[in-house]
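S.K.: My structure is below; once you've seen it, I'll send some questions.
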Amino acid sequence: MSSLQLKNIYKVYPSGVTAVTDFNLDIEDKEFIVFVGPSGCGKSTTLRMIAGLEEISAGELYIDGVLVNNIAPKDRDIAMVFQNYALYPHMTVYDNMAFGLKLRKMPKAEIDQRVKEAARILGIEMYLSRKPKALSGGQRQRVALGRAIVREPKVFLLDEPLSNLDAKLRSQMRTEITKLHNRLATTFIYVTHDQVEAMTMGTRIVVMKDGFMQQVDSPINLYDHPINQFVAGFIGTPQMNFFKGNLIGDEKKVYVKFGEDKVALPKSKVSLICNLDKYLNTKKEIVFGIRPEDICDANEAPEIKTTIDVNIDVVEALGSETLVYCKTKSASKKTGGSIDEEASNLIAKVDSRSTVKAGEVLKIALDMEHCHLFDKETEITLLARDEQNKNEIEELQIKQAKELKAKEKAEKQAENDAKAKVAKTLEKKRVKRK
Ligand code: ADP
């Protein structure tokens, strides 16, 4: 048994940086949890607080129901593997793995049995008498994992353990760590900035930004139902295409209007839009999102009736697929710089045998069953997963709108204060001169 509960956890560094804000998560025994997000979003800080290497500023951390905020790292029964695996260069692989157990005064026979078992699991039995310098990067990382395994901890914490490896080795080690998790049947918490690692390894993923949790979900739910534009853009490569637009139409048919284009929304999507009245035929802007893999050459999918014409900028044939970088009609008709460049660029994944070329006009088909809609202002999704989920989304919209207003007000206040301060200083100088 090794469950964890993180309740309203905050981390404020002495420098005043709030690295983690109100982190709440229940982790069940044997889960593989991944913390993912861009650099500086607070992933490592959260992991280090779990390990006990960083003090928790506020909130409670429970391991198997026991509050551990004030329990020393060595007594938490947790093992951590870092990016720079820091093996002892003068010791053999065997001794590197045995070292921690020797310090704990474990009987020699048991140490031997644990080291050999871990080496067998990791496939490094033949390197036990070698020194780290005689190993490749991947082998060294395996030794670092072995050092953690021999301790038989309740929880494994892994902080970007693969980022020092080359791409091929990284993908190999990725599957090995997944296999290791299945084999050891213990709780894993894994930190990465790489969304591919997160999607392929995690049973649940925590997406973070600026110290705030954005969404906690299974990989497929993050992909299909991103809660906001940030998550939608972060998960998936190439990233989702976004276009500013409006919803127009009537009760029978709703369209997304973006630039010069207008596409119909399927009924299944319309029925899931939260607060449709607020957006339909109003000035309130939305963001229309569609993934490159949900767009193809219209010739490849005659069954898809939603099509638009685009101008091809660049074609990238990757072998297994071809990426087509295009511009929508509104960008082509650009006059006087009134079009938002980014909002008119589009990437489509077409068949790898496609013969389309840069400079051509392409009719693309959009699989609208998989499109996404977000509120332009709050960036929260407009699409509920089902009827029951609608209330939750609506509440989130209201909460986010309030937070944005409060932030705007605070920024304005700060600006006014700064202006007042400058005016006061100038006034003082003026009086002095007199
Ligand atoms: P990540 O692991 O997601 O890259 P970190 O948890 O390392 O992010 O950092 C989160 C934030 O906290 C960043 O703004 C970082 O600069 C800041 N930070 C990290 N460590 C310290 C520290 N020891 N002192 C002050 N600020 C820190």
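The values are calculated or read from the model by the stated rules, or taken from the named source; none is laboratory data. This structure is a prediction, so every number in the text was calculated from the model and none was measured. A quick note on method: Cβ atoms are made from the backbone with ideal geometry, for glycine too, and the neighbour counts reach across all protein chains shown. For accessibility, only protein heavy atoms count, side chains too; no ligands or nucleic acids. Shrake-Rupley method; radii C 1.70, N 1.55, O 1.52, S 1.80 Å.
S.K.: Could you pull out the pairs from 11/421; 284/402; 244/412; 262/327; 7/405 whose alpha carbons sit more than 22 Å apart here?
M.R.: Going by Cα-Cα distance, 11/421; 244/412; 7/405 fall outside the 22 Å limit.
S.K.: Can you give the accessible area of residue 407 in Å² (nearest 10), computed on protein heavy atoms with a 1.4 Å probe?
M.R.: 120
S.K.: Using a 1.4 Å probe and counting only protein heavy atoms, arrange 220, 290, 347 so the residue with the most accessible area comes first.
M.R.: From most accessible down to least: 220, 347, 290.
S.K.: Right, here's the next one. How big is the range 109-209 along each principal axis, measuring the range of its Cα positions in Å and listing the largest first?
M.R.: 45, 29, 19
S.K.: P(r) of the range 1-159 in 5 Å steps, Cα pairs, percent per bin?
M.R.: 2, 8, 17, 19, 17, 14, 12, 8, 4, 1
S.K.: Can you give me the accessible area per residue for the chain, using a 1.4 Å probe, in Å²?
M.R.: 52
S.K.: Return the single residue from 413, 215, 172 with maximal mean-square fluctuation; model: Gaussian network over the chain, springs between Cα atoms under 10 Å.
M.R.: Greatest mean-square fluctuation among the candidates belongs to 413.
S.K.: A follow-up question, please. Counting only DSSP beta bridges with both residues in the chain, tell me the antiparallel percent, nearest 5.
M.R.: Looking only at bridges with both residues in the chain, the antiparallel portion is about 75 percent.
S.K.: Please list 64, 375 in order of solvent-accessible area, largest first, computed with a 1.4 Å probe with all protein chains present.
M.R.: Final ranking, largest accessible area leading: 64, 375.
S.K.: Stick to Cα atoms and the Kirkwood definition of Rh, then tell me Rg/Rh for the range 338-434.
M.R.: 1.29
S.K.: Let me know the Kirkwood hydrodynamic radius for the chain, please, with Cα pairs as the basis and the value in Å to one decimal.
M.R.: 25.2
S.K.: While we're here: Quote the convex hull volume per residue of the range 176-310, based on C-alpha atoms, as a whole number of Å³.
M.R.: 164
S.K.: Take the solvent-accessible surface of the protein heavy atoms, probe 1.4 Å, and return the percent of it on the range 351-434 that carbon and sulfur atoms account for.
M.R.: 52
S.K.: Just need the relative contact order of the range 51-123 here, percent rounded to a whole number, with Cα pairs under 8 Å and 6+ apart.
M.R.: The value is 20 percent.
S.K.: Based on the Cβ-Cβ distance from residue 108 to residue 267, what FRET efficiency comes out when R0 is 56 Å, to the nearest 0.05?
M.R.: Here the calculated transfer efficiency is 0.20.
S.K.: Further question: Enumerate by residue number the GluC sites (Glu not before Pro) in the range 202-311 meeting two conditions: DSSP loop (anything except H, G, I, E, B), and at most 16 other Cβ atoms within 10 Å of the site's Cβ.
M.R.: Listed in order of number, the matching sites are 251, 260, 285, 303.
S.K.: Counting only pairs 8 or more places apart or on different chains, how many lysine pairs in the range 52-150 have C-alpha atoms closer than 20 Å?
M.R.: Lysine pairs meeting the criterion: 7.
S.K.: Quote to one decimal, in nm, the extra length available between residue 82 and residue 417 on full extension: 0.36 nm per residue of separation minus the C-alpha distance between them.
M.R.: Stretched out fully, the residue 82 to residue 417 stretch lengthens by 116.1 nm.
S.K.: Which of these, 412, 421, 105, has the largest mean-square fluctuation under a Gaussian network model of the chain (Cα springs below 10 Å)?
M.R.: Among 412, 421, 105, the largest mean-square fluctuation in the Gaussian network model of the chain belongs to 421.
S.K.: From the protein chains alone at 1.4 Å, what is the descending order of accessible area for 62, 190, largest first?
M.R.: These residues rank, largest area first, as 62, 190.
S.K.: Hey, another quick one. Just 174, 142, 104 to compare: in a GNM of the chain, with alpha carbon springs under 10 Å, which one fluctuates most?
M.R.: 104
S.K.: Separate question: What number, rounded to the nearest 500 deg cm²/dmol, is the helix-based mean residue ellipticity at 222 nm of the chain, given -39500 (n - 2.57) per DSSP H run of at least four residues and division by all its residues?
M.R.: It lands at -10000 deg cm²/dmol.
S.K.: Cα centroids of the range 257-300 and the range 103-175: how far apart, whole angstrom?
M.R.: 49
S.K.: Counting other Cβ atoms within 10 Å of each Cβ, which trypsin sites (Lys or Arg not before Pro) in the range 204-279 have at most 16 and sit in a DSSP loop?
M.R.: 252, 253
S.K.: Out of the total accessible area of the range 131-286 (probe 1.4 Å, heavy atoms of protein only), what percent is carbon and sulfur?
M.R.: 50
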